[in-house]
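Undergrad: Before anything else, here's the structure in question.
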Amino acid sequence: MKFGLLYETQRPFQGTEIDWNTLYKETLEQCELADQIGFDNLWFVEHHFLTGFSGSPCPEVLMGALSQITKQIRIGFGVSILPHAHPVRIAERVAMVDQLTNGRVEFGTGRSNAYEQMGLGVDPRDTRAMWEESISMLPQIWQSDEFSWEGKYWSVPPRRVLPKPFQKPHPRMYLACTQTESFRLAAEKGIGVLSSASYATSILAEHVKVYKENIKNANPVGAFVTNFWGNNVHAYCGTDNDEARTLAADSMKAFFGPDKPYIAGRIGAYEELLEAWGGVPDNLKADFGRWIRQSDEAHKEQAEQAGISLDSGPGAARAAIAGLDANTLADRGVIVAGDPDSCIKAIQMYEEIGVDQVMMIMQTETIPHEKVMSSIELFGKEVFPRIREAEKAKAEVAGD
């Protein structure tokens, strides 16, 4: 099992006022500690226009700084939005960071959302085809002495694209995924999955299984197959089990608030979240009744409770999610949170279903810098050594 930190670059703020200078300095400080304490990866999103949610429009700038203050940790584009930029520009920036880090770059890709796409003059209807063309171009750019291309969206006359990556033949590639169709697409193209949805491990297990089975028949878009599943998960490790779990649960619920980009404008978003998080627990079924999902219709539900109107699907689902307590979320593996023993148990749940890396979201608008630092340190000192020791012992037994 590998351990990563995923950054939207968030911090507590009031109104629309954000101290950008402090935010970036805190981010670098956290990443430097993660490198020293034994994390395997850092991942940075690319987002535009999302005031208060993400301050990471050009993550390669942060990566350039991190190339000089970190020594071991791998640094990932998590992800680069391919339809937003010319593939040559993407190839150049990835290769430069790879050179500066002596080959520590991971290259995740994605398509973003309609709000950001339209703000940059990209038609959302074209983004799937644009991603397909760009992901086909990039490995060829990195491996060609002289590159040329004639496609639907981009044309490049014969040119030498410089620099080339430090890693040969090129960095590993990934796709940000939230749905089964995307998991299958990643497997088909022989690239890794960066799952950007939150799941109970019991629900996630089937998605991982389908990907792992399908990648055996991959037609790799690059020079090799990357068989990898990294999963986003809100995480916090503390000495007080209840407090740590509550911090992580509240952080995740704020992250998926109704005004957030992963939710806003999506029909049935809260119904999907509730299902992904394992459904309504027994202690809430009396309040929220039974949930019905039909393949050819929108989510429906029936529930009655004094003083609560559940006529609206989103309202019902949001109310049910609000009622999911921190212990339920932790026990289901939706969050990796609590004291070291609790975090180890959750990580082992991911390991058992074939996840290769837990990509932990710690720095959010509800968790301050000091607490993020203490959590990173506790993971490194109390959690990782015990997990790695258990893996070593298991490998030795298997070898015998």
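The values are calculated or read from the model by the stated rules, or taken from the named source; none is laboratory data. If you're wondering where the values come from, they're calculated on a predicted model, not measured in any experiment. Cβ sites come from the backbone with ideal geometry, for glycine too, and all protein chains shown count toward neighbours.
Residue-wise test of (1) more than 20 Å from Asn21 (Cβ to Cβ); (2) in contact (Cβ under 8 Å) with a residue 40 or more places away in the chain.
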residue	(1), (2)
Ile37	yes, yes
Glu46	yes, yes
Ser54	no, yes
Cys58	no, no
Gly64	no, no
Arg74	yes, no
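Undergrad: Would it be correct to say that Gly76 is at pLDDT 95 or above, assigned to a loop (DSSP other than H, G, I, E, B), within 30 Å of Glu146 (Cα to Cα) and out of contact with any helix residue (DSSP H, G or I) (no Cβ under 6 Å at 6 or more places or on another chain)?
TA: Judged against the criteria, Gly76 is not a match.
Each row is one residue, and each column tells you yes or no for (1) closer than 20 Å to Met1 by Cβ; (2) at pLDDT 95 or above; (3) over 15 Å from the mean Cα position of the chain (by Cα); (4) surrounded by fewer than 22 Cβ atoms within 10 Å (Cβ to Cβ).
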site	(1), (2), (3), (4)
Glu32	no, yes, yes, yes
Phe53	no, no, no, yes
Leu62	no, yes, yes, yes
Ile69	no, yes, yes, yes
Gln72	yes, yes, yes, yes
Val94	no, yes, yes, no
Gln99	no, yes, yes, yes
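Undergrad: Inspect all residues belonging to segment 351-364 and state whether any of them is acidic (Asp, Glu), surrounded by fewer than 18 Cβ atoms within 10 Å (Cβ to Cβ) and more than 30 Å from Thr226 (Cα to Cα).
TA: Looking through segment 351-364, none of the residues is acidic (Asp, Glu), surrounded by fewer than 18 Cβ atoms within 10 Å (Cβ to Cβ) and more than 30 Å from Thr226 (Cα to Cα).
Undergrad: For segment 331-342, what are the residues that are surrounded by fewer than 24 Cβ atoms within 10 Å (Cβ to Cβ) and either on the phi > 0 side of the Ramachandran plot or among the small types (Gly, Ala, Ser) (or both)?
TA: Ser342, the sole residue that qualifies.
Undergrad: Can I ask one more? With the structure loaded, tell me whether His47 is more than 28 Å from Val336 (Cβ to Cβ), surrounded by 18 or more Cβ atoms within 10 Å (Cβ to Cβ) and not polar (S, T, N, Q) or whether it fails that test.
TA: Criteria not met by His47.
Undergrad: Taking segment 365-377, which residues are assigned to a helix (DSSP H, G or I) and surrounded by fewer than 20 Cβ atoms within 10 Å (Cβ to Cβ)?
TA: Across segment 365-377, the qualifying residues are His369, Glu370, Lys371, Met373, Ser374, Glu377.
Undergrad: Now a separate question. May I ask you to list the residues in segment 101-130 that are part of a loop (DSSP other than H, G, I, E, B), of a type in the set (Gly, Ala, Ser) and under 22 Å from the mean Cα position of the chain (by Cα)?
TA: Within segment 101-130, Gly103, Ser112 meet the criteria.
Undergrad: With respect to Val161, is the statement that it is more than 20 Å from Trp43 (Cα to Cα) and surrounded by fewer than 18 Cβ atoms within 10 Å (Cβ to Cβ) true?
TA: So Val161 does not fit the description; no.
Undergrad: Within segment 29-66, how many residues turn out to be part of a strand (DSSP E or B) and not hydrophobic (A, V, I, L, M, F, W, C)?
TA: Filtering segment 29-66 for residues part of a strand (DSSP E or B) gives 41-44.
Those left that are additionally not hydrophobic (A, V, I, L, M, F, W, C): 41.
Adding up the residues that qualify gives 1.
Undergrad: Separate question: Name the pairs whose Cβ atoms lie under 6 Å apart, with the first residue in segment 1-28 and at pLDDT 85 or above and part of a strand (DSSP E or B), the second surrounded by 15 or more Cβ atoms within 10 Å (Cβ to Cβ) and aliphatic (A, V, I, L, M), and 6 or more positions between them or separate chains?
TA: Gly4/Met359; Leu5/Ala34; Leu5/Leu42; Leu5/Met360; Leu6/Met359; Leu6/Ile361
Undergrad: I'm told Ala244 meets every condition in (1) in a loop (DSSP other than H, G, I, E, B); (2) in contact with a Gly (Cβ under 6 Å, 6 or more places away or on another chain) except one. Can you identify the failing condition by its number?
TA: Ala244 satisfies every listed condition except (1).
Undergrad: Checking the condition surrounded by fewer than 16 Cβ atoms within 10 Å (Cβ to Cβ) and at pLDDT 80 or above, which residue from Lys300, Lys345, Lys285 passes?
TA: On inspection, the qualifying residue turns out to be Lys345.
Undergrad: Six or more apart or on different chains, Cβ under 7 Å: which pairs go from a residue in segment 378-400 that's within 13 Å of Ser342 (Cα to Cα) to one that's among the aliphatic types (A, V, I, L, M) and assigned to a helix (DSSP H, G or I)? Could you list them?
TA: So the pair list comes out as Val383/Ile344; Arg386/Ile344; Ile387/Ile344; Ile387/Ile347.
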